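What follows is a set of notes on a single structure, which appears directly below.
Computed from the coordinates by the stated procedures, all read-outs in this text should not be read as laboratory data. Not measured: the values here are computed from a predicted model. Neighbour counts are summed over all protein chains in view; Cβ atoms, including those assigned to glycine, are modelled from backbone coordinates with ideal geometry.
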Amino acid sequence: MPEVYYEGVGRRKSATARVRLYTDENLGQFVINGRPAEEYLTRIGDWDIVREPLQIAGLEGNFFVSVLVKGGGVTGQAGAVRHGLARALVKSDPELRSAMRRGGFLTRDPRVKERKKPGLKRARKAPQYTKR
């Protein structure tokens, strides 16, 4: 019998996360790249960011969450997982859309690192002006 799951793709900076919510087995487990989420996200704040959509929906422990995340840094990956998790929750229950929207979880954060420009030291920092 094929496994039934709800899938959502989340992005943040250069990180991409594919989140799958399984309803049949291992309920309550949260796995990121084959490792338990608490072990993968060592910073407490990042783990809290990832769990937010489940807490607001009141569905903690109702799904087996499997995540494949690539690219970016730890915090960017946490943001991508949160975005993907919210999208997957909306697919599982369209009634959750307004709650996820209110929390700001469905909006893709467009902020990315600005590129360095020629003649400048960084993206915006210019060399110090000297009159003489």
Placing each pseudo-label 7 Å from Cα in the direction of the beta carbon, Thr42 and Ala126 end up separated by a distance in nanometres of 4.2
Please identify every one of the trypsin sites (Lys or Arg not before Pro) in the stretch 1-97 that sits in a loop by DSSP and has no more than 15 other beta carbons within 10 Å of its own beta carbon.
-> Arg43
Phi-derived 3J(HN,Hα) across the stretch 5-17 with the Karplus relation (6.51, -1.76, 1.60, θ = phi - 60°), rounded Hz, x for Gly and Pro, is 8, 10, 10, x, 10, x, 9, 7, 6, 10, 9, 10, 10
Tell me, in nm to one decimal, what length is gained between Arg102 and Gln29 on full extension, where the rule is 0.36 nm per residue of separation less the Cα-Cα distance?
-> 23.7 nm
For the chain, what is the relative contact order in percent, using Cα pairs closer than 8 Å and at least 6 residues apart in sequence?
-> 32
Among DSSP beta bridges whose residues both lie in the stretch 5-103, state the antiparallel percentage, nearest 5.
-> 85
Given the chain, what count of lysine pairs have C-alpha atoms under 22 Å apart, with each pair 8 or more places apart or on different chains?
-> 11
Using R₀ = 41 Å, calculate the FRET efficiency as 1/(1 + (r/R₀)^6) where r is the Cβ-Cβ separation of Asp93 and Arg115; round to 0.05.
-> 0.55
